[in-house]
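Derivation of every value follows stated rules applied to the coordinates shown; laboratory data play no part. Computed from a prediction, not measured in an experiment: that's the story for all the values here. All Cβ positions, glycine included, derive from the backbone under ideal geometry; neighbour counts span all protein chains shown.
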Amino acid sequence: MVALKQGYDLVAEVLHLKRQRNAIILAHNYQIPEIQDLADYVGDSLGLSYKAKETGADVIVFCGVHFMAETAKIINPSKKVILPDLEAGCSLSESCPAESLEKFLRQHVDKNYYVIAYINCSAGVKALSDIICTSGNALKVVENAPVDRNILFVPDQNLGSWVMEKTGRKMDLWRGACYVHVEFTKNSIGAIRARYPQAPVVAHPECTFAVRMLADEVCSTEKMVNFCRDSEADAFIIVTESGMLHRLKRELPGKTFIAGPTETCACADCRFMKKNTLEKLRDALGNLAPEISLPEGIRQRAELPIIRMLELSR
Ligand code: 13P
Ligand code: SF4
């Protein structure tokens with residue numbers, strides 16, 4: 001009872017501070033249930049980018065990871081963008097430091113690369129790219145890439161391979177990976193599928209080829225909601241970060257989402273996404289910190305490839 005009251009007070013406090021600050025709370029599908037339930041918008045990287053672009057709020061509180069909040073700042077230089085925990089990073093973003101990409105491009109200047117960067121990267125990497133993509137629009141972005149240019153796709157080799165399989169377009173891939181999605185194996189997902197043979201397997205494209213081969217649908221987190229809603233099946237094996245299960249259960253209460261017992265779990269926690277808590281959200285709104293800030297030169301160079309993406313996938 002006491003815990004319930006404390007939880008309620010915390011939610012009320014967050015909502016009060018949000019109104020006081022004229023803030024909008026944007027949350028990724030992988031956030032903890034308590035944050036998803038009070039956010040103004042919950043979605044995938046693409047949907048969140050559009051929301052960040054369109055909002056009239058003075059403050060954007062980004063409940064997600066650093067590159068997402070940074071993207072919101074790049075396209076909203078005059079707004080305050082805050083991230084409840086600055087240590088909410090991303091292994092994909094870490095796998096491609098801007099200095100390494102810059103060096104690589106200098107060493108391969110003869111290739112005249114058209115650089116497509118998955119949004120899970122730093123502002124420095126975005127600033128070196130021609131266009132950004134998310135898992136929700138990567139196919140479209142690659143299909144629209146100039147036919148007379150070599151493509152370098154950074155930083156996710158798994159998403160990049162999936163796009164090559166789907167579009168037939170050859171690309172050079174940066175060797176980055178998401179530490180959460182590469183943990184799922186053919187054996188672990190195969191074992192769950194054997195127990196629930198009627199349930200379609202829905203996997204994120206950051207999964208490895210062996211896992212994607214077992215999937216009935218490979219898509220972004222937002223498209224997972226649409227796929228499960230439109231499918232005639234009433235149970236699904238969801239292969240991605242665990243926060244997705246809450247979003248799916250909330251949107252589709254009549255359907256079953258199989259996480260499986262621990263040894264064959266089809267969902268796993270991202271330690272970065274789980275850094276954000278209700279307490280940190282309350283403090284971030286109260287203190288208007290930690291705030292995202294960027295050198296203006298990098299911000300300007302990073303903005304153009306994001307705008308190109310937003311215009312293309314409208
Ligand atoms: P989505 O854009 O599909 O939500 O993916 C973001 C992400 O970080 C996946 O690990
Ligand atoms: Fe990055 Fe993977 Fe976490 Fe997504 S799930 S934020 S790609 S580490």
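Quick notes on this one:
- In range of the label at LEU252: residues from the stretch 163-205 whose backbone nitrogen is under 15 Å from the point 7 Å along Cα→Cβ: 198-204
- Once the Cα-Cα distance is subtracted from the 0.36 nm per residue extended length, the ASN22 to TYR41 segment shows a gain of 5.3 nm.
- Neighbour-count order for PHE104, PHE153, fewest beta carbons within 10 angstrom listed first: PHE104, PHE153
- Rough spin-label spacing in nm, given labels placed 7 Å along Cα→Cβ, for ASP283 and LEU86: 1.3
- Quotient of C-alpha Rg and 2.2 N^0.38 Å, computed over the stretch 41-128: 1.20
- Order by protection proxy (mean Cβ within 10 Å, highest first), peptides 155-163, 274-282, 17-25: 155-163, 274-282, 17-25
- Going from the residue with the fewest nearby Cβ atoms within 10 Å to the one with the most, ASP148, ASP283 rank ASP148, ASP283.
- For the chain, the mean residue ellipticity at 222 nm estimated from helices alone is -13000 deg cm²/dmol, where every DSSP H run of n ≥ 4 contributes -39500 (n - 2.57) and the total is divided by all residues, rounded to the nearest 500.
- Whole-number D in µm² s⁻¹ for the stretch 124-225, Kirkwood Cα-pair radius fed into Stokes-Einstein, 25 °C, 0.890 mPa s: 168
- P(r) tail, the chain: Cα-Cα pairs separated by more than 36 Å, 18% of all pairs.
- Kirkwood-type radius of the stretch 141-182, with distances r between different C-alpha atoms, in Å: 10.7
- Put in order of Cβ neighbour count within 10 Å, fewest first, the listed residues PHE227, PHE67, PHE62 become PHE227, PHE67, PHE62.
- At the listed q of 0.18, 0.19 Å⁻¹, the Debye profile of the stretch 156-314, built from one uniform point per Cα, gives log10 I(q)/I(0) equal to -1.19, -1.24.
- By average C-beta atoms within 10 angstrom, highest first, the peptides 217-225, 304-312: 217-225, 304-312
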